[in-house]
Amino acid sequence: MEINWDKVGEQAAELLAALIRINTSNPPGNEAAACGFLKPIYARLGLEPVLLGPEPSRQSIIGRLKAQKPEGEPLLLLSHLDTVPADAKEWSKPPFAGAIEGGEVWGRGALDCKNATAVELTALKLFVEAGHQPRRDIILAATADEEMGGERGVGWLIENHFDLLAAGFGINEGGGFSVKVAGREVFLCQTGEKGICWIKLTAQGPSGHASTPPAETAMTRLLAALNAVMRHKQPLRLTDTVRVLVDQVASQFGPVARVAARAALSPLLEEYALRRIKSAENRNLARAVIHNTVTLTGLKGGDKVNVIPGEVIATLDCRVIPGFTPDQMLAEVRQIVEPFGVTVETIATSTGGEMPADSELYRAIGETLRAHSPQAILAPYLMPGGTDGRYLVQKGVKVYGFIPLQMEAGEKEPIFRRFHGKDERVSIQNLIFGARLLYDLLVRFCAR
């Protein structure tokens, strides 16, 4: 079947725009409306869609293209339908209008992550229409609640209906975008993500009128404890993902820059290597993938300026390198703050994980990419944030973040910088690029 890719791009853009027009800002989510829109499309492809969720408004949609005689483990194509909120006053176009202008689709979710829903569905539609027979089941799931942790989405599905998501391999958000390294295009495939340890710190002390303060209050105790936490130097923690990434990237540099890049893997030289990164944002990203991080995200004390509060609370967002557990992170923070009389408790935790950069699916991604861009490099990537993939990794699914997005002419920053930002948008050419790569990947990895 000869494919008209310009027409595919138009159809993918219309699909994405329609999804954007369904406001699924989380909170509150309301993903059921988007599932209702997708259900007849799934049905026409023979995917036998089911809608499930803990509440009528918080639904996920799952469909399956079945293999007659399966010869391999199923492949899961995963995306999420909820988005972060958007303040229309900050945008140059309405964030939920789904405008298609200047060869781009505008709106909240255009990159995170309704574009993944659109290109995965488009690729699978092409696979079916071309008459390919799958040698393994292909599961297509668009889920709820990822932006608020996934407990009402993939987390709930795994607890109640894991049989519908059970797969050997998965394609998810979190990677697939390209960056320029020494003139070469490097596509980052997410093979790991950090764990989460959200912590609540509480300090108590005497309350009273602020005009006669005691020597020590709940606030001074908490501030002293927080100062100690923030001054604590997190040691270098390396993963296989980062080692391979640094080696592949460094190989593109000249001799001096190559040595400097690999210095990031040395406890004695890491600060030197990080200082060589000119962009502060890129430097922070590099630091985050080789260290545990602890970020102060909230402070709550009194609500009257002349009253000393008897209790003060702080929240910490700790991100944990795979191989280091949330319990270890909690113990580390507790050891630092308890001498100040501050108590510690967890709000939420999840364990990080890594996938091998040499699995059957990872190799297929690399082969497909090179068939399109012979000079391109596929490199593994550790995501400092979190995705729904973490739930599946704990169940043994090999999940890779790979929704292809290419840097375009004139762009100076990687496209992922637009995620969650104002004027979020994606080009139709990038929708074509993503759908084309995923279609070819399905043929390579799943067709009989």
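All of the numbers you see were taken from the coordinates with simple rules; none came from a lab. Treat the numbers as computed from the prediction; the structure is a model and nothing was measured. All Cβ positions, glycine included, derive from the backbone under ideal geometry; neighbour counts span all protein chains shown.
General remarks:
- Computed about the Cα centre, the dipole magnitude for the range 375-442 is approximately 220 debye when only Lys and Arg (+1) and Asp and Glu (-1) carry charge, each at its Cβ.
- Cβ-placed point charges (K, R +1; D, E -1), dipole of the chain about Cα centre in debye, nearest 20: 820 debye
- A simple count of charges around residue 14, restricted to other residues whose Cβ falls under 14 Å of its Cβ and scoring Lys, Arg +1 and Asp, Glu -1, yields 0.
- Helical contribution to [θ] at 222 nm, DSSP H n ≥ 4, -39,500 (n - 2.57), averaged over the chain, rounded to 500: -11000 deg cm²/dmol
- Residue list for the range 125-168, given a label point 7 angstrom along the Cα-to-Cβ vector of residue 66 and an amide N cut-off under 17 Å: 133-140, 163-167
- Here the contact order of the range 1-81, divided by its residue count and restricted to Cα pairs under 8 Å and six or more residues apart, works out to 23 percent.
- Fully extended contour minus Cα-Cα distance, from residue 372 to residue 33, at 0.36 nm per residue: 118.4 nm
- Going from the residue with the fewest nearby Cβ atoms within 10 Å to the one with the most, 38, 330, 76 rank 330, 38, 76.
- Percent of beta bridges antiparallel (DSSP, the chain, rounded to nearest 5): 70 percent
- Rounded tilt (10° steps) of 428-446 against the dominant C-alpha axis of the chain: 70 degrees
- Taking θ as phi - 60° and the Karplus parameters 6.51, -1.76 and 1.60, the scalar couplings of the range 118-131 work out to 5, 6, 5, 5, 4, 4, 5, 4, 4, 4, 5, 5, 6, x Hz in sequence order, x denoting glycine and proline.
- Of the residues 230, 407, 383, 1, the one with the fewest other Cβ atoms within 10 Å heads the list, and the complete ranking is 1, 230, 407, 383.
- Centroid-to-centroid separation of the range 238-267 and the range 28-79 [C-alpha atoms, Å]: 41 Å
- In the chain, the longest principal axis of the Cα atoms and the axis of helix 240-250 are about 70 degrees apart.
- When cysteine pairs in the chain are screened for C-beta atoms closer than 4.7 angstrom, the residues that find no partner are 35, 113, 189, 446.
- Tilt relative to the chain, helix 31-44 - C-alpha long axis, 0 to 90 degrees, to 10: 20 degrees
- Close amide-amide hydrogen proximity is noted between residue 405 and 177, 178, each under 5 Å apart and 5 or more residues distant or on a separate chain (H modeled in the peptide plane; Pro and chain starts excluded).
- Couplings 3J(HN,Hα) for the range 93-104, derived from phi with the Karplus relation 6.51 cos²θ - 1.76 cosθ + 1.60 (θ = phi - 60°), are 9, x, x, 10, 8, x, 5, 10, 9, x, x, 10 Hz, where x marks Gly and Pro.
- Alpha-carbon centroid distance for the pair the range 336-396 / the range 279-323, whole angstrom: 22 Å
- The range 186-220 and the range 101-179 have Cα centres lying 35 Å from one another.
- Candidate aspartates and glutamates - alpha carbon under 12 Å from residue 69, same-chain residues fewer than 8 apart omitted: 137
- The computed Rg and Dmax of the Cα atoms in Å for the structure shown corresponds, within (i) 21.9, 66; (ii) 23.5, 83; (iii) 23.1, 73, to (ii).
- Fewest-first ordering of 332, 120, 14 by other beta carbons within 10 Å of each residue's beta carbon gives 14, 332, 120.
- Total charge dipole magnitude, the range 208-335, about the Cα centre, Cβ charges on Lys, Arg, Asp, Glu only, Debye to nearest 20: 460 debye
- Taking all Cα pairs closer than 8 Å and separated by 6 or more residues, the relative contact order of the chain comes to 25 percent.
- Under 5 Å between amide hydrogens, built in the peptide plane, is the criterion, and for residue 189 it picks out 176, 379, 381 among residues at least 5 positions away or on other chains.
- Across 66/125; 89/180; 89/300; 39/66; 200/398, pairs whose alpha-carbon gap is larger than 21 Å: 89/180; 89/300; 200/398
- Scanning residues 5 or more positions from residue 59 or on other chains, those with amide H under 5 Å from its amide H are 31, 32, with H placed 1.01 Å from N in the peptide plane.
- Relative contact order, whole percent, for the range 195-350 stands at 46, derived from Cα pairs under 8 Å and 6 or more residues apart.
- With a simple spin-label model that places each label point 7 Å from the Cα along the Cα-to-Cβ direction, the separation between residue 101 and residue 237 comes to 4.6 nm.
- Options 195, 340, 302, ranked by Cα towards positive dipole end of the range 195-350, top entry (Cβ charges): 195
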